[in-house]
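*Asks:* Right, I'll just put the structure down here and ask away after.
The values are calculated or read from the model by the stated rules, or taken from the named source; none is laboratory data. Because the structure is predicted, anything quoted here is derived from the model rather than measured. Because the Cβ atoms are built from the backbone with ideal geometry, glycine has one as well, and the counts that use them run over all protein chains shown. Remember, those area values only see protein heavy atoms, side chains included, never the ligands or the DNA or RNA. Shrake-Rupley method; radii C 1.70, N 1.55, O 1.52, S 1.80 Å.
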Amino acid sequence: MGGPGFWDDPEAAAKVGAEHTRLQRRLESFGRLEADAADLGEIVEMAEAEPDLAGDAEAAIASVEARLSELEEQRLFTGDYDGGDALVTVNAGAGGTDAQDWAEMVLRMEMRWAERRGFKVELLEVSPGEEAGVKSATFRASGENAYGLYSAEKGVHRLVRLSPFDSANRRQTSFAGVEVAPVVEEAGDVDIEDDDLQVDTYRASGAGGQHVNKTDSAVRITHRPTGIVVQCQNERSQSANRATAMAMLRSKLIERQEAERQAEIAAARGETLDVNFGSQIRSYVLHPYTMVKDHRTDFEVGNANGVLDGDLDGFVRSWLEANARAGRN
């Protein structure tokens, strides 16, 4: 950063500066943790000599353990895009209104979790259901390791409950799919030919003000070679929505390339990757008992309402650790 010509390219310099700040913050956190951990022995000895200090010793130990856990989590992110922002899309599966209502519940859960982590959340597109819920929705989670964390949520989420939309109040099973892509700022990371794109404009639905509702400002882009469809309606101009949609398309193409690369690596190892939409990663049971279980790690929680309110840390951490172990093996 102190070298000649560093600031000649302000955009590149800003990225390096941001990376420097992130790494410096991590080093400082480690330095403080190392110093506090070194002091624990003395604190415990003082507490043994003076029982009134036992509470202070317990608090000091708990603080070190919590910060150590955070740093241990950070070492689990080794992918090229893990440290960046995430583009999260929730799609309703088969099941009509129940599935669309479930998709909205999953959307809320994922967004609430982002807010708990301190991420900035920007809702980019929502396609409402006919009666309730959503058919699909996409939001951006911005923060350190957002993509690495949300990678744990990719897959099909299964709900079992008494249907609020069934007059007989029968038990219903619903599915919602979660797709996660890294936010890619540089167009050079993937080539997109104009001839491969089908661009459609439409009138945005839902809230957004008079301008949004009276003009065809929303944009839908279909990438013909892959069939990937992205859409954006949160900006007030068609050009801004198109720019955001193109950024979303780049992100999804990068994610597709990464998935293909992982499949090649698995094939070389003689492994089989299950990428079928029908294979659920997690089940949320609200009737006849309450439980949420991750089928990849067997991690489970009885407080289903807490999970649906965004308490996903346990599920994500267990998946990250299992994934890291699998990578080492």
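*Asks:* Kindly establish whether Tyr147 is more than 20 Å from Ile281 (Cα to Cα), among the hydroxyl-bearing types (Ser, Thr, Tyr) and in contact with a Phe, Trp or Tyr (Cβ under 7 Å, 6 or more places away or on another chain). Before you say what the answer is, go through the steps one by one.
*Replies:* Working: more than 20 Å from Ile281 (Cα to Cα): no; among the hydroxyl-bearing types (Ser, Thr, Tyr): yes; in contact with a Phe, Trp or Tyr (Cβ under 7 Å, 6 or more places away or on another chain): yes.
The answer is no for Tyr147.
*Asks:* I'd like the full set of residues that are out of contact with any helix residue (DSSP H, G or I) (no Cβ under 6 Å at 6 or more places or on another chain) and assigned to a helix (DSSP H, G or I), limited to the range 1-18.
*Replies:* Residues of the range 1-18 that are out of contact with any helix residue (DSSP H, G or I) (no Cβ under 6 Å at 6 or more places or on another chain), as a first pass: 1-5, 8-12, 14-18.
Residues satisfying the conditions are Asp8, Pro10, Glu11, Ala12, Ala14, Lys15, Val16, Gly17, Ala18.
*Asks:* If the requirement is being open to solvent by 20 Å² or more (accessible area, probe 1.4 Å), among the polar types (S, T, N, Q), closer than 26 Å to Ala218 by Cβ and touching a residue at least 12 places away in the same chain (Cβ under 8 Å), which of these qualifies: Gln172, Gln100?
*Replies:* Working: Gln172 fails: closer than 26 Å to Ala218 by Cβ.
Criteria check complete, one pass: Gln100.
*Asks:* If you check Gly306, Gly278, Gly327, which single one turns out to be modelled with pLDDT under 95 and assigned to a helix (DSSP H, G or I)?
*Replies:* After applying the criteria, what remains is Gly327.
*Asks:* So which residues in the range 88-115 are of a type in the set (Gly, Ala, Ser) and within 21 Å of Gly306 (Cα to Cα), if there are any at all? Spell out how you get there, then give the answer.
*Replies:* To start, the set of residues in the range 88-115 that are of a type in the set (Gly, Ala, Ser) comprises 92-96, 99, 103, 114.
Hits for the range 88-115 are Ala99, Ala103, Ala114.
*Asks:* A further question on this structure: Which of (1) surrounded by 14 or more Cβ atoms within 10 Å (Cβ to Cβ); (2) at pLDDT below 90 does Tyr284 not meet, given it meets every other one?
*Replies:* Here Tyr284 clears every test but (2).
*Asks:* Hey, another quick one. What number of residues within the range 4-18 are of a type outside the set (Lys, Arg) and open to solvent by 50 Å² or more (accessible area, probe 1.4 Å)? Spell out the reasoning first.
*Replies:* Of the residues in the range 4-18, the ones of a type outside the set (Lys, Arg) are 4-14, 16-18.
Subset that is open to solvent by 50 Å² or more (accessible area, probe 1.4 Å): 4, 7-11, 14, 16, 18.
Summing the residues that are of a type outside the set (Lys, Arg) and open to solvent by 50 Å² or more (accessible area, probe 1.4 Å) in the range 4-18 gives 9.
*Asks:* Here is a follow-up. Looking at the range 19-69 only, could you name the residues that are open to solvent by 70 Å² or more (accessible area, probe 1.4 Å), touching a Leu at 6+ places or on another chain (Cβ under 9 Å) and either over 28 Å from Val316 (Cα atoms) or not in a helix (DSSP H, G or I) (or both)?
*Replies:* Result: Met46, single match.
*Asks:* Across the range 138-156, what is the total count of residues that are closer than 12 Å to Thr89 by Cβ, open to solvent by 20 Å² or more (accessible area, probe 1.4 Å) and without any contact (Cβ under 8 Å) to a residue 60 or more places away in the chain?
*Replies:* Of the residues in that region, 1 qualify.
*Asks:* Count, please, the residues in the range 70-94 that happen to be outside any helix (DSSP H, G or I), within 16 Å of Ala146 (Cβ to Cβ) and charged (D, E, K, R).
*Replies:* Looking only at that region, the number is 3.
*Asks:* Here is a list: Arg32, Arg67. Which entry is modelled with pLDDT of 90 or more, under 30 Å from the mean Cα position of the chain (by Cα) and of a type in the set (Lys, Arg)?
*Replies:* Checking each option against the conditions leaves just Arg32.
*Asks:* All but one of (1) open to solvent by less than 60 Å² (accessible area, probe 1.4 Å); (2) under 15 Å from the mean Cα position of the chain (by Cα) hold for Val190; state the number of the condition that does not hold.
*Replies:* So the condition that Val190 fails would be (2).
*Asks:* Within the range 108-123, can you find the residues that are open to solvent by 10 Å² or more (accessible area, probe 1.4 Å) and in contact with a helix residue (DSSP H, G or I) (Cβ under 9 Å, 6 or more places away or on another chain)?
*Replies:* First pass over the range 108-123, keeping only residues open to solvent by 10 Å² or more (accessible area, probe 1.4 Å): 108, 111-112, 115-123.
Arg108, Arg112, Arg116, Arg117, Phe119, Lys120, Val121, Leu123, listed by residue number.
*Asks:* Still on this structure, I have one more. Out of (1) more than 16 Å from Tyr284 (Cα to Cα); (2) open to solvent by less than 60 Å² (accessible area, probe 1.4 Å); (3) touching a Gly at 6+ places or on another chain (Cβ under 9 Å); (4) not in a loop (DSSP other than H, G, I, E, B), what's the single condition that is false for Lys135?
*Replies:* Of (1) more than 16 Å from Tyr284 (Cα to Cα); (2) open to solvent by less than 60 Å² (accessible area, probe 1.4 Å); (3) touching a Gly at 6+ places or on another chain (Cβ under 9 Å); (4) not in a loop (DSSP other than H, G, I, E, B), only one is false for Lys135: (2).
*Asks:* Shifting gears a bit: Taking interchain pairs and intrachain pairs at least six residues apart, which have beta carbon atoms under 8 angstrom, with the first residue in the range 14-27 and at pLDDT 85 or above and the second surrounded by 11 or more Cβ atoms within 10 Å (Cβ to Cβ)?
*Replies:* Cβ pairs passing all conditions: Val16/Phe6.
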